[in-house]
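Contents: one structure, followed by commentary.
Here, each number is a calculation from the coordinates, and none is a lab measurement. Here the structure is a predicted model, which is why all the values come from computation and not from measurement. Note: ideal-geometry Cβ built from the backbone for every residue, glycine included; neighbour counts use all protein chains shown.
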Amino acid sequence: MFVWGSLLYFRIYTPPANAMNIYVVGKQWMWKVEHPGGQHEINALHVPTGRPIQLTIISQDVFHSFSIPAFRVKREAIPGRFTSVWFQATMPGTYHLFCTQYCGTNHSQMIGDVVVMTPDDYKKWLRESTSGESLAQDGERLFASLSCNACHNTRPDARGPNLANVYNSQLTLTSGLAITADDAFLREAILNPSQHITQGYAPIMPTYQGQISEEGVIALVEYIKNLNSDYRIQQTLNTTDIVPENEGKAAPTTPAPAGQKEVKP
Ligand code: HEC
Ligand SMILES: [Cu+2]
């Protein structure tokens, strides 16, 4: 049971490299969804079939839990910390989306629809729902307006590290700890810089705790991730030129979790 369980555990916690990143913010009492292309939705999540989807989830107030029972997907939405879950939808249709953690008076209204579309329909939906500015562009503007670029730039005398390619890289902290700069780390690095100083740098970065909304942090994180060319290429592929379904299946991904074939009656 242990070996069987651990294999599944690692599969659930390791999203495939070609996963599409979508951000989810829970708040009393709704789910806000942010797509990298700048599309926003409330109590709805549109995804294509045949493509691993990685959700990065956070709450901006109390504990919630993001659940798509038909996909066997359920992850806590925790204030102050990114959590993540991935899945791959196999059949177009509309599925229930629930908050499964009692979160106050209108908890029972914290519901929505997951709309699974064919890649072509999804591409069409992305085009029609775009707000004109991608999440990364939004983040780039914030990066300048908060003067992050005063320290993080490409000048040789820059006081902060160059953030290009920092995403998913291994960093060594002054404590000697090695850490992977994933989404959760980037968020922490912006809001609690003094907690993990990167080796070779002075602890001069101010904290931005309380000054940036959760959506703002997500935009900044997406911008920093986009400075990494691998991520940027994958993201462009995901949002503009989705590979046909059978090609997506041939990609070296782990099989979709069982139970994804249920359709809402
Ligand atoms: C006063 C200069 C300064 C400003 C302003 C500043 N930073 Fe930093 N930042 C640093 C320094 C120095 C480090 C490395 C030491 C550390 O980890 O705190 C760092 C580290 C980071 C890291 C971790 C990556 C790494 O290689 O260590 C991220 C991510 C980051 N900053 C993002 C931001 C963002 C986003 C902003 C604006 C909201 C910002 N910084 C504003 C100086 C600054
Ligand atoms: Cu809730």
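With the Cα gyration tensor of region 135-226 in hand, give its eigenvalues times 5 under a square root as the equivalent ellipsoid semi-axes, listed largest first in whole angstrom.
Details: eigenvalues 75, 43, 35 Å².
Ellipsoid semi-axes (Å, largest first): 19, 15, 13.
Rounded to the nearest 500, the 222 nm mean residue ellipticity of the chain from helices alone is -8500 deg cm²/dmol, with -39,500 (n - 2.57) taken per DSSP H run of at least 4 residues.
Compactness of the chain, taken as the C-alpha radius of gyration over 2.2 N^0.38 Å, stands at 1.03.
Helix 119-129 and the long axis of the chain differ in direction by around 60°, with both axes built from C-alpha atoms.
Each of Ser59, Ser131, Ser145 has some number of other Cβ atoms within 10 Å of its Cβ, and from fewest to most they run Ser145, Ser131, Ser59.
Would you mind telling me the antiparallel percentage of the DSSP bridges in the chain, rounded to 5? In the chain, approximately 70 percent of DSSP beta bridges are antiparallel ones.
The modelled label-to-label distance between Arg127 and Arg232, using points 7 Å beyond Cα along the C-beta direction, is 2.5 nm. DSSP beta bridges confined to region 2-131 are antiparallel in about 70 percent of cases.
Here the 3J(HN,Hα) profile of region 10-26, calculated from phi with Karplus coefficients 6.51, -1.76 and 1.60 at θ = phi - 60°, is 5, 5, 5, 8, 10, x, x, 5, 8, 5, 8, 8, 10, 9, 10, 10, x Hz, Gly and Pro shown as x. A simple spin-label model places the labels of Thr90 and Ile197 5.2 nm from each other, with each point 7 Å out along Cα-to-Cβ. Kindly express, to the nearest 10 degrees and within the range 0 to 90, the angle between helix 214-226's C-alpha long axis and the longest C-alpha principal axis of the chain. Value to nearest ten degrees: 80.
Where does each of Arg72, Arg155, Arg187 land when they are ranked from fewest to most other beta-carbon atoms within 10 angstrom?
On the way: Arg72 15, Arg155 8, Arg187 20.
Ascending Cβ contact count within 10 Å gives the list Arg155, Arg72, Arg187.
For region 156-187 versus region 1-67, the spacing of their alpha-carbon centroids is 24 Å.
Mean sequence separation of contacting Cα pairs (under 8 Å, at least six apart), scaled by the length of the chain, corresponds to a relative contact order of 21 percent.
Full extension of the chain segment joining Thr118 with Asn165 gains 13.7 nm, where the gain is 0.36 nm per residue of separation less the Cα-Cα distance. About the centre of its Cα atoms, region 135-226 shows a dipole size close to 320 debye [charges on the beta carbon of Lys, Arg (+1) and Asp, Glu (-1) only; nearest 20 debye].
Place a label point 7 angstrom from the Cα of Arg72 along the Cα-to-Cβ direction, then list the residues of region 49-63 whose backbone nitrogen is under 13 Å away. Output list for this probe position: empty. Taken about its Cα centre, the chain carries a charge dipole of roughly 400 debye when the Cβ of each Lys and Arg holds +1 and the Cβ of each Asp and Glu holds -1. When the charge dipole of region 135-226 is built from unit charges on Cβ atoms (+1 for Lys and Arg, -1 for Asp and Glu) and taken about the Cα centre, the candidate among Ala158, Gly216, Ile179 whose Cα reaches farthest toward its positive end is Ala158.
Which stretch or stretches of region 123-153 have amide N atoms under 14 Å from the point lying 7 Å from Gln211's Cα along the Cα→Cβ direction? Under cut-off, by backbone N: 142-152. Taking the C-alpha atoms only, the angle from helix 229-240 to the longest principal axis of the chain is near 30 degrees.
With R₀ set to 35 Å, the beta-carbon distance separating Ala44 from Tyr13 gives a calculated FRET efficiency near 0.85.
By count of other Cβ within 10 Å, fewest leading, how are Trp86, Trp4, Trp125 ordered? Present the calculation step by step, with values, prior to reporting the outcome.
Working: Trp86 24, Trp4 8, Trp125 17.
Listing Trp86, Trp4, Trp125 from fewest to most nearby Cβ atoms yields Trp4, Trp125, Trp86.
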